[in-house]
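Here is the structure we will look at.
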Amino acid sequence: MIKIGIFGGTFNPVHKGHEKIALEFYNKYELDKLIIIPSNIPPHKQINGQVTAEQRYEMCRICFDKYNNICVSDLEIKNDNISYSYNTVTEIKNNNKDAKLYFLIGSDMFLSLEKWYKYQELCKLCTFVVAYRDDNIIIKSGAEIEFLENEPFEISSSEIRNNIKNNNYNLEKYMSSEVLNYIKENKIYAE
Ligand code: DND
């Protein structure tokens, strides 16, 4: 059975924490394909910073297009409705009826999983794979959950945005230099 990984996020901006877990996910689960899906309108938060959905999508492409079998999808970006994961996963399942679907989330997202739109139905469509962001792990029931058992890499998009706002672009440790250049050239987050 073909195995497809899904990794959704606002990716505002995409950073090495995202990149590392995406690659570990792809390798550990021996995925046939990994789909990175930037959201258009996230169900659970505001988009902070001067950035368009197309720019967040483009940054994901710059980060991930170099990897084989990892693609960035515009499924959510091209849809004007709220980007509910249930709708996205349903569409992927309909197009790949025989595939086993895995959905990668960070441990912070895992804590609010039960509040997601149509959570029960979503759990029937995919297995959640949880990546550690730090050491605080709570085990819950109701969904098929597996742990990536990755080494935590503590960085967040909001820290990156704050640094850029304060004119600190010395962030190569946290994000790819290509994405950083794109941010500089397009004056994203500078305000
Ligand atoms: P975020 O915008 O929080 O992700 O969204 C994550 C996904 O959850 C998206 O696909 C949303 O559509 C979906 N969601 C959330 C809430 C409700 C619903 C759906 C619903 O349908 O009702 P970020 O861009 O902030 O980060 C992307 C992912 O990477 C997240 O899962 C985050 O936890 C994880 N992450 C890290 N994991 C390990 N180490 C780090 C990380 N930084 C971010 N350093």
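With Cβ to Cβ distances under 13 Å as the rule, what net charge do the other residues near Cys126 carry (K, R +1; D, E -1)? After counting each charged neighbour, the total is +1. With a cut-off of 19 Å, note down the residues of region 172-187 whose backbone N falls inside the zone around a label point 7 Å from the Cα of Phe153 toward its beta carbon. Residues 172-183 fall inside that zone.
With a ≥ b ≥ c taken as the square roots of the eigenvalues of the C-alpha gyration tensor of region 3-153, please select rounded if a/c is under 1.5 and otherwise prolate if a/b is larger than b/c or oblate if it is not? Since a/c stays below 1.5, the shape of region 3-153 is classed as rounded.
Phi angles of region 69-80 translate, via the Karplus equation with coefficients 6.51, -1.76, 1.60 and θ = phi - 60°, into HN-Hα couplings of 6, 10, 10, 9, 9, 9, 3, 8, 4, 7, 10, 7 Hz per residue; Gly and Pro are given as x. In this structure, the amide hydrogen of Met175, modeled 1.01 Å from its nitrogen in the peptide plane, lies closer than 5 angstrom to those of Lys16, counting only residues at least 5 positions away or on a different chain.
Remark: for residue pairs Lys3/Lys115; Lys3/Lys78; Lys115/Lys187; Lys16/Lys93, the C-alpha separation exceeds 30 Å in Lys115/Lys187.
Each Lys or Arg adds one and each Asp or Glu takes one away; over the other residues whose Cβ falls under 11 Å from the Cβ of Asp32, this sums to +2.
Values quoted throughout were computed directly from the atomic coordinates according to the rules given, and no laboratory measurement underlies them. It should be emphasised that the depicted structure is a prediction, and the values quoted were computed from it without experimental measurement. Reconstructed Cβ throughout: ideal geometry from the backbone, glycine too, with neighbour counts over all protein chains shown.
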